[in-house]
Each structure stands twice: as structure tokens, then as C-alpha cells.
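**Q** Could you have a look at this structure, given as C-alpha cells, before my questions?
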Amino acid sequence: MQIINKSDYVKRKIKLEYLKIISGLLLVVAGFFGLALGFVLNWLFFIIGFLLFVFGGMILSNRTGEVSIWKAGFVGQQMVPKALSMLPNEFVLINNVSIKDKNCDIDHVLIGPKCLYAIESKNYNGEIYGQGDEWGYMKRGRAGGFYKGHIGNPAKQIKRSVWELKQMLDEKLLKMSFDPNQFWIEPIVVFTNPNTILKVTDSTVKAMLLKDLPSYIQECDAKTQIPEDMLKTITDILRNE
């Protein structure tokens, strides 16, 4: 399998969150000195120092949690290429696909001889449950109890991105005299954490554990082959987008 890595939005997001954490630390330090000066010089320094200390602490608290979430997502994204590495060379995996000026960010697009797959990876731990487009998870906390969490709507997210992707590809392929009806894109939500228990029913997109993804791709039952020149053109479009 060929792998093409594009600019990684998650990496950029993690770096941005670290910059916010540093700014929070600087505000806490400045607030501490302001409090100290307030005791010695003037009450105004104390108030300013107190506000800086509190604001910096809030930034630290919020951003530290965000970094943990984004780092977990990044780890999950790295697991997908490894799981698909056994696919033959006729497959091309493009990581971190986005469309300019569109709300479209897809973790992985796998280009195969019969179909394109848009893969949204999630690294949640615990029991994932869902029906239709309603999703959530049950997880054991540090104290031993269970709590519910909300994971947004990965099915709706990937369906919207697939629609944007198909529209863009159709438009460009038509200009090159290709028939866009010769290919289709299947959305998939993949859960990469090995401790995930998946209990999703009636999902509007295919949802599966990472260990099941390679066999699902290989068992594709599409009847038609995508022309080789179209596959190459699609790959070039996504590589340069």
C-alpha cells in the first residue's frame, strides 16, 4: 500500500494548545508577582495580580484537558496506516485530507481499485453505544464508578465530509472528461482503542473496530472497477488539494 501524508491538522492543533498552556503559565507567574507587589506597594497591584492569576489558572485547566483529547486522537490516527499496511500496492492511503474553503477534514481517504473509503478514526476508551446518529460512551472512572460521556456525532461528521469531497471530485473530474458515476465513496467510523467495546445499532454509516477494518476493505463486493487513469487523477487531486 502506498501512503501519502498531508499537513496534519491535529499536530498543529496540539502545538497551538501547548502555546496556550505556556501563555497560561506566564499569566499565573505574572499574577503571582502582582499579588506579591500588592502586599508591599499598592492594593491595585494585588487586584491585577489576582485577576491574572485566576485567568491564567483557568487557561491552564481548560487547555491541559484539550491537549489530552487531541493527543489521544493523534495516537488513534497513527494506528490506522499500520493496520492497513498489509493491503496490496494498488491501494493508496492519503492521510489528513481537507478541502480548501470547505468544512471538510477527513482523517484518511483510502483509494482502492473498486471504491474510495473516507475513514474517521476515534480513539475513545470504554463502551461506545449508538443508534442512528445518536452516539455516546460509558467509561469507568478513576474511583471505579461508571459515567456516561458524549462523543458528538461521528456518523454525521463523516457523511458531511464525504458529501463535500464527492462534490469537489465530481466537479474537477467532469472538467477532465471523466464520468464521476464510475466511483463512489464509502464513509467509515473506526474505533482504534483496543479496549473499546462497540455497541452501535442502525448506524447511518459503517462503524467498526480497527482490527476489523482490513478484512472489510478486502471483502469489498463492488461489481465494477474504477478505471486506472481515473484512480491516478483522483490521487493527484487529493494529493494537491
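The values are calculated or read from the model by the stated rules, or taken from the named source; none is laboratory data. In this text, all values refer to a predicted model and were calculated from it rather than measured experimentally. Heads up, the Cβs are rebuilt from the backbone with ideal geometry, glycines too, and the neighbour counts pull from every protein chain shown.
**Q** Are any of the residues in the range 218-230 among the small types (Gly, Ala, Ser), at negative phi and part of a helix (DSSP H, G or I)?
**A** Going through the range 218-230, the residues among the small types (Gly, Ala, Ser) turn out to be 222.
Keeping just the survivors that are at negative phi gives 222.
Subsequent filtering for residues that are part of a helix (DSSP H, G or I) retains none.
No, the range 218-230 has no match at all.
Table: residues versus (1) modelled with pLDDT of 65 or more; (2) farther than 30 Å from Asn125 by Cβ; (3) not β-branched (Val, Ile, Thr).
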{"position": "Asp8", "(1), (2), (3)": "no, no, yes"}
{"position": "Ile14", "(1), (2), (3)": "no, no, no"}
{"position": "Lys20", "(1), (2), (3)": "yes, no, yes"}
{"position": "Leu27", "(1), (2), (3)": "yes, yes, yes"}
{"position": "Ile48", "(1), (2), (3)": "yes, yes, no"}
{"position": "Met58", "(1), (2), (3)": "yes, no, yes"}
{"position": "Arg63", "(1), (2), (3)": "yes, no, yes"}
{"position": "Trp70", "(1), (2), (3)": "no, no, yes"}
{"position": "Lys100", "(1), (2), (3)": "yes, yes, yes"}
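**Q** When Tyr137 is evaluated against the numbered criteria (1) closer than 18 Å to Val162 by Cα; (2) over 12 Å from the mean Cα position of the chain (by Cα), which criterion, by number, is the only one it fails?
**A** Status for Tyr137: all satisfied but (1).
**Q** Something else about it: Scanning for something in contact with a strand residue (DSSP E or B) (Cβ under 7 Å, 6 or more places away or on another chain) and farther than 18 Å from Leu210 by Cα, does the range 116-129 turn up at least one residue?
**A** no
**Q** Now a separate question. Looking for whichever is at pLDDT below 90 and within 28 Å of Glu90 (Cα to Cα) here; the options are Asn193, Asn125. Which one fits?
**A** Residue meeting the stated conditions: Asn193.
**Q** Going by the conditions given, is Gly144 of a type outside the set (Asp, Glu), surrounded by fewer than 17 Cβ atoms within 10 Å (Cβ to Cβ) and either at pLDDT below 90 or under 30 Å from Gln225 (Cβ atoms) (or both)?
**A** The answer is yes for Gly144.
**Q** Tell me yes or no: at least one residue of the range 77-97 is crowded, with 17+ Cβ neighbours inside 10 Å, closer than 28 Å to Asp202 by Cα, at pLDDT below 75 and not aliphatic (A, V, I, L, M).
**A** Checked against the condition, which is being crowded, with 17+ Cβ neighbours inside 10 Å, closer than 28 Å to Asp202 by Cα, at pLDDT below 75 and not aliphatic (A, V, I, L, M), the range 77-97 yields at least one hit.
**Q** Can I ask one more? Does the range 162-183 contain any residue that is more than 19 Å from Leu238 (Cβ to Cβ), surrounded by 14 or more Cβ atoms within 10 Å (Cβ to Cβ) and more than 14 Å from the chain's Cα centre (by Cα)?
**A** no
**Q** So if I check each of Lys206, Lys166, which one is among the basic types (Lys, Arg) and more than 18 Å from Val92 (Cβ to Cβ)? Give the steps one after another, and end with the answer.
**A** Details: Lys166 fails: more than 18 Å from Val92 (Cβ to Cβ).
Answer to the check: Lys206.
**Q** Can you pull out every residue in the range 199-214 that is touching a residue at least 60 places away in the same chain (Cβ under 8 Å), assigned to a strand (DSSP E or B) and surrounded by fewer than 17 Cβ atoms within 10 Å (Cβ to Cβ)?
**A** Lys199, Thr201
**Q** Can you give me the number of residues within the range 85-103 that are in contact with a strand residue (DSSP E or B) (Cβ under 6 Å, 6 or more places away or on another chain) and either farther than 19 Å from Cys220 by Cβ or in a helix (DSSP H, G or I) (or both)?
**A** Total satisfying the criteria: 3.
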